[in-house]
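Working notes, structure below.
The values are calculated or read from the model by the stated rules, or taken from the named source; none is laboratory data. Predicted model, so just to flag it, every value in this text is computed and none were measured. Counting neighbours? That spans all protein chains shown, and the Cβs are built from the backbone with ideal geometry, glycine included.
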Amino acid sequence: MQEINRAITDKLYKKILPNKVIVILGARRVGKTFLIQKLQKKLANREKCLLLNGEDFVTEELLLNKSLKQYRSLIGNNNILIIDEAQKIQQIGRILKLMIDELEGLKIIVTGSSAFDLSDKIGEPLTGRKFTFMLFPIAQCELIQQENLLQTTSNLEERLIYGSYPEIFKYTAFEDKANYLSELVNSYLFKDILTLDNIKNSSKLINILRLLAFQVGMEVSVNEIARQIGLNKGTIEKYLDLLSKVFVIFKVEGFSRNLRKEISKTSRYYFWDNGIRNYLISNFNTISIRNDIGQLWENYIISERMKFQNYNQMLVNNYFWRTYDRQEIDWIEERGGNIFAYEIKFKKDKVKIPGAWKATYPDSEFTVINKNNYLDFIT
């Protein structure tokens with residue numbers, strides 16, 4: 001497969017401005033390092049760049065000096081500074097602020113695999129001085145540049161099962177794809193979380209994620225997870241938050257306009273990548289012999305929609321909708337002052353609008369997303 005042009009590249013390139021910081025956030029192994037290396041080569045035609053690795057202790061020691069004289073010496077005649085995995089550097093926000101404020105004309109790009117870490121460190125110091133971009137596993141809206149409809153259709157089942165992490169596309173054998181996902185989960189996915197105090201190993205995290213994997217498309221009870229895992233509710237909530245902040249899962253809340261029978265105090269969780277979800281439940285079987293195709297399809301469509309929204313900078317609130325008498329809609333979007341409802345079905349089944357929804361929100365739009373029209377929704 002030819003090189004995939006990432007959706008944020010052009011937008012990112014336009015924001016490389018003097019005395020501004022570009023922050024690129026995303027899970028480990030989604031291609032941040034490759035992206036900045038490619039960017040460095042493109043910029044090299046007209047500007048000089050210095051690329052540093054935040055996981056190199058020498059880099060950290062150099063930056064922690066916090067001396068303008070030291071920084072000027074380090075940067076030299078380069079006018080662009082790129083720091084990969086910047087979340088590893090203590091006080092990185094204050095360091096970047098000092099550089100941006102005092103070194104005239106300097107442009108900075110940093111990447112981070114840990115939103116909870118990097119955002120906390122740079123958020124306040126760099127207020128008004130930064131642009132933030134998200135990078136996810138390869139999105140279908142990025143693949144349309146090199147696939148025709150026939151290829152996309154034939155590749156769909158693999159993406160439902162093995163996901164879309166960039167390195168997955170290098171392998172043709174299904175066994176190699178499964179082995180890569182195993183390495184990804186066990187060696188990289190929790191690397192940042194495990195640096196926190198009181199988190200000694202990843203077994204509890206994997207057990208939590210495994211429970212979530214079986215509950216895709218369903219409301220999640222934190223109390224029930226706490227009971228099954230053997231941890232208290234507060235700890236489970238903390239882990240769920242951390243897993244969201246390192247881009248393994250994301251939370252969707254219930255939609256309600258104070259209708260008494262609408263459920264609004266529970267949440268659903270989805271995975272940013274189907275391959276991770278399937279590894280956790282040890283199931284890479286083909287679609288024809290699976291009993292969870294509905295969950296696979298829903299997770300895929302919703303994660304791809306989230307990528308599409310982000311890359312297109314859509315201003316939107318996302319929800320699911322369900323009532324206590326079990327009327328439900330998979331996906332609700334609130335944007336532009338209007339409400340859009342989507343039911344997600346793998347097969348082209350006839351689906352009726354739930355009566356309670358139609359009566360309560362008569363002006364909303366209702367659409368069924370299936371294999372015949374899904375590309376319009378995610379690309």
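Among Arg28, Arg72, which is in a helix (DSSP H, G or I) and of a type in the set (D, E, K, R)?
On the way: Arg28 fails: in a helix (DSSP H, G or I).
Testing whether each residue is in a helix (DSSP H, G or I) and of a type in the set (D, E, K, R) leaves just Arg72.
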(message) The conditions are (1) modelled with pLDDT of 90 or more; (2) over 26 Å from Phe190 (Cα atoms); (3) in a loop (DSSP other than H, G, I, E, B); (4) touching a helix residue (DSSP H, G or I) at 6+ places or on another chain (Cβ under 8 Å), and Asn78 fails exactly one of them. Which is it?
(response) (4)
(request) Being closer than 30 Å to Asn338 by Cβ, modelled with pLDDT under 95 and in the same structural domain as Thr360 (by TED's automatic domain parsing) narrows it down to one of Lys265, Lys238, so name that one. (result) Lys265
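Residue by residue, here is whether (1) at pLDDT below 95; (2) assigned by TED's automatic domain parsing to the domain that holds Ser113; (3) touching a Leu at 6+ places or on another chain (Cβ under 6 Å) holds:
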site	(1), (2), (3)
Val246	yes, no, no
Phe250	no, no, no
Tyr300	no, no, yes
Tyr311	no, no, no
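Kindly indicate the residue of segment 171-196 that is over 30 Å from Gln90 (Cα atoms) and within 21 Å of the chain's Cα centre (by Cα) and also surrounded by the fewest Cβ atoms within 10 Å (Cβ to Cβ) among those meeting that condition. Explain how you work it out, then say what you get.
Quick first cut of segment 171-196, residues over 30 Å from Gln90 (Cα atoms) only: 171-182.
Still in the list and also within 21 Å of the chain's Cα centre (by Cα): 177-178, 180-182.
Details: Lys177: 23, Ala178: 19, Tyr180: 20, Leu181: 24, Ser182: 12.
Out of the qualifying residues, it is Ser182.
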(message) Looking at segment 9-25 only, could you name the residues that are under 17 Å from Asp84 (Cα atoms) and either of a type outside the set (Val, Ile, Thr) or not in a helix (DSSP H, G or I) (or both)?
(response) Leu12, Tyr13, Ile16, Lys20, Val21, Ile22, Val23, Ile24, Leu25
(request) Among residues belonging to segment 168-203 that are farther than 18 Å from Pro137 by Cβ and polar (S, T, N, Q), point out the one that is modelled with the highest pLDDT. (result) Thr172
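Here's a check for you: in segment 349-379, which residue that is aliphatic (A, V, I, L, M) and more than 29 Å from Ile138 (Cβ to Cβ) is surrounded by the fewest Cβ atoms within 10 Å (Cβ to Cβ)? So that I can check it myself, show each step before the final result.
Here is the first cut: in segment 349-379, the ones aliphatic (A, V, I, L, M) are 351, 353, 356, 359, 368-369, 375, 378.
This time we only want the ones that are more than 29 Å from Ile138 (Cβ to Cβ), so: 351, 353, 356, 359.
On the way: Val351: 14, Ile353: 17, Ala356: 18, Ala359: 10.
Checked segment 349-379; the qualifying residue surrounded by the fewest Cβ atoms within 10 Å (Cβ to Cβ) is Ala359.
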(request) Kindly provide the set of residues from segment 10-63 that are under 17 Å from Asn78 (Cα atoms) and either outside the structural domain of Leu98 (by TED's automatic domain parsing) or polar (S, T, N, Q) (or both), ordered by number. (result) Asn19, Gln37, Gln40, Asn45, Asn53, Thr59
(request) Taking Ser114 as meeting all but one of (1) among the hydroxyl-bearing types (Ser, Thr, Tyr); (2) over 24 Å from Trp272 (Cα atoms); (3) buried (at least 21 other Cβ atoms within 10 Å of the Cβ), write down the number of the exception. (result) (2)
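Among the candidates Ile83, Ile100, which residue alone is on the phi < 0 side of the Ramachandran plot, in a helix (DSSP H, G or I), in contact (Cβ under 8 Å) with a residue 24 or more places away in the chain and not assigned by TED's automatic domain parsing to the domain that holds Lys245?
Details: Ile83 fails: in a helix (DSSP H, G or I).
After ruling out the rest, the residue left standing is Ile100.
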